[in-house]
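Before I ask anything, here is the structure I am working with.
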């Protein structure tokens, strides 16, 4: 009889408790008013939680005065207190953006942060068609400076600095990708969720001397609760050199050389006969006028980006996988004249990423990140075409002699830009990179609330090897000799030799 009374009292108590709680429904939207799917809505101080559907809708049993914690797939977070309303609208505005300065612990929001941190999300980065994240960050963050070099090769990355040069030892910025120190150039814009720039001493205090010039924290994309998104994209870009230098023609160059010789008290370099020949163009093989820039540089460069990604998961495991292929070619003309290879500046890269989040128990979570990269870069020999263009005057020698030998002489030996693109060998680099890391997090609230422990392991392996195929060519030029001020005979000057790969 006593057992029955006890069971009845327990049932009555549970019924009263359930009756005293209300079912709260609502919608989660971003700062543009768009629904946020797969956001986690949890009851604070409880293990109860629910997920928003594709329309951002949710419902949860929550009494008045209870606290709700909303966390989006992009790690934005917001806490609210339940009032009298039965239906609410939660806006994940700028204040709820995650600005964590420590990847090992839960992040702060803009509303809570006191340090100087600026964050760029994937939506802003994806507006740029740049192949490099360095270039995609240009103009996106106040205080971050990105200075591009000549752009003649892909090795020349934009130099980044935060609020100028911070130390006499250099301007190197600490870059952390998901908490591990790794190069930012190994990432594509498609796999990045957000980039945070730490700009002041309070923000980088955790990193000590390494953070003296500021720090960049990169978060890659992760899976979502009870969802599956497939994203396929293709990007084709055109690049054009908007300001190429204009060099003087052969006649102007010859006049300038004569003026320089006179200023040095050496008479003149070119006679009037030669000046007239440069101006008329009647003797192109003896007195050439070659626009080397126009003969070498084309109108357009092209780039292609192919991307496919899968993002989703359930309550126990969430995933983000991506395959990204990039290719780009340079501006040089007529680089496919050799059978079996090209002397064009060409770049290609393939990124394969897999990010997993596994909920082992209510207090134990495992995070695994894998990234594989295959890179290939091809350029002509020697890789100094732009240097040749600035060195070689229009009057030096023709592209080819009258009998078809590549132009060249002993003053500017072996720097015929057209010949170096069409008759030389090539250098090709092959790079293979694997980056893997694992993070195991254990909550220790049973000891004291908020206490936790993390175990992190990382493994990086990178190798690069070069394929060098050398080839040379024979060059020559013809010089008109004078006797008593009149043309007499022609002397051929030459060097080099034809040599196949």
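We did not get these values from a lab; they are worked out from the coordinates using the rules stated. On a predicted model such as this, the values are computed, not experimentally measured, just so you know. No Cβ is skipped: glycine too gets one built from the backbone with ideal geometry, and neighbour counts run over all protein chains shown.
Looking at the chain, send over the antiparallel percent of its DSSP beta bridges, to the nearest 5.
So the antiparallel bridges amount to about 90 percent of the total.
Using a basic spin-label model with each label point 7 Å from the Cα along Cα→Cβ, how many nm lie between residue 304 and residue 234?
0.8
In whole Å, largest first, what are the principal axis extents of the Cα atoms in the stretch 222-350?
88, 36, 19
For residue 34 and residue 159 in one chain, what is 0.36 nm times their gap in residues minus the Cα-Cα distance, to one decimal in nm? Can you show the working numbers first?
Details: separation 125, 0.36 × 125 = 45.00 nm, distance 3.62 nm.
Difference between extended and current length: 41.4 nm.
Among 78, 316, which comes first, then next, by fewest other beta-carbon atoms within 10 Å?
Numbers: 78 20, 316 10.
Ascending number of Cβ neighbours within 10 Å: 316, 78.
Quick one: length gained pulling residue 455 to residue 432 fully straight, 0.36 nm per residue minus the C-alpha distance? Mind showing how you got there, number by number?
Numbers: separation 23, 0.36 × 23 = 8.28 nm, distance 2.73 nm.
Full extension of this stretch gives 5.5 nm more.
Moving to a separate point now. Taking neighbour Cβ counts within 10 Å as the exposure measure, how do 447, 70, 197, 80 sort from fewest upward?
Placing the least packed residue first, the sequence is 447, 80, 70, 197.
What order do you get for 483, 259 when you list them from fewest to most C-beta neighbours inside 10 Å?
Fewest-to-most Cβ neighbours within 10 Å comes out as 483, 259.
State, to one decimal in nm, how far the label point of residue 488 lies from the label point of residue 323, with both points 7 Å from Cα in the Cβ direction.
Spacing of the two 7 Å Cα→Cβ label points: 7.3 nm.
What FRET efficiency comes out for residue 79 versus residue 185 if R0 is 45 angstrom and r is the Cβ-Cβ distance? Round to the nearest 0.05. Display every interim value, and only then the final one.
On the way: r = 37 Å, r/R0 = 0.83.
The formula returns an efficiency of 0.75 here.
Relative contact order of the chain, please, whole-number percent, based on alpha carbon pairs below 8 angstrom and at least 6 residues apart.
9
So, one more: If r is the Cβ-Cβ distance from residue 57 to residue 334 and R0 is 45 Å, what FRET efficiency results, to the nearest 0.05? Show your work: numbers first, answer last.
Details: r = 61 Å, r/R0 = 1.34.
The calculated FRET efficiency here is 0.15.
Rounded to the nearest 0.05, what FRET efficiency do residue 129 and residue 44 have when you use their Cβ-Cβ distance and R0 = 56 Å?
Efficiency for this residue pair is about 0.85.
Next question. How much of the DSSP beta bridge set in the stretch 21-93 is antiparallel, as a percent to the nearest 5? Numbers along the way, then the final one.
Numbers: 18 of 24 bridges.
Antiparallel bridges: around 75 percent, rounded to the nearest 5.
Further, regarding this structure: Once Rh is set to the Kirkwood radius over Cα pairs, what Stokes-Einstein translational diffusion coefficient, in µm²/s, holds for the stretch 21-93 at a temperature of 4 °C and a viscosity of 1.567 mPa s?
So the translational diffusion coefficient is about 109 µm²/s.
With angles folded into 0 to 90 degrees, how steeply does helix 2-19 sit against the dominant principal axis of the chain? Use alpha carbons for both and round to 10.
50
How far apart, in nanometres, would the label points at residue 363 and residue 206 be if each is projected 7 angstrom from Cα along the Cα-to-Cβ direction?
According to this spin-label approximation, the distance is 2.3 nm.
I'm a student and want to see the number: the projected area of the Cα convex hull of the stretch 365-425, averaged over all directions, in nm².
Projected area, direction-averaged: 6.7 nm².
Then there is this: For the chain, what does -39500 (n - 2.57) per DSSP helix run (n ≥ 4), summed and divided by total residues, give at 222 nm, in deg cm²/dmol to the nearest 500?
It comes out at -4000 deg cm²/dmol, rounded to the nearest 500.
Where the convex hull is taken over the Cα atoms of the stretch 272-339, what is its projected area averaged over directions, in nm²?
The Cα convex hull of the stretch 272-339, projected and averaged over all directions, gives 8.6 nm².
Ok, one more. Step by step: find N for the chain, compute 2.2 N^0.38 Å, then divide the Cα radius of gyration by it. What's the final number?
1.42
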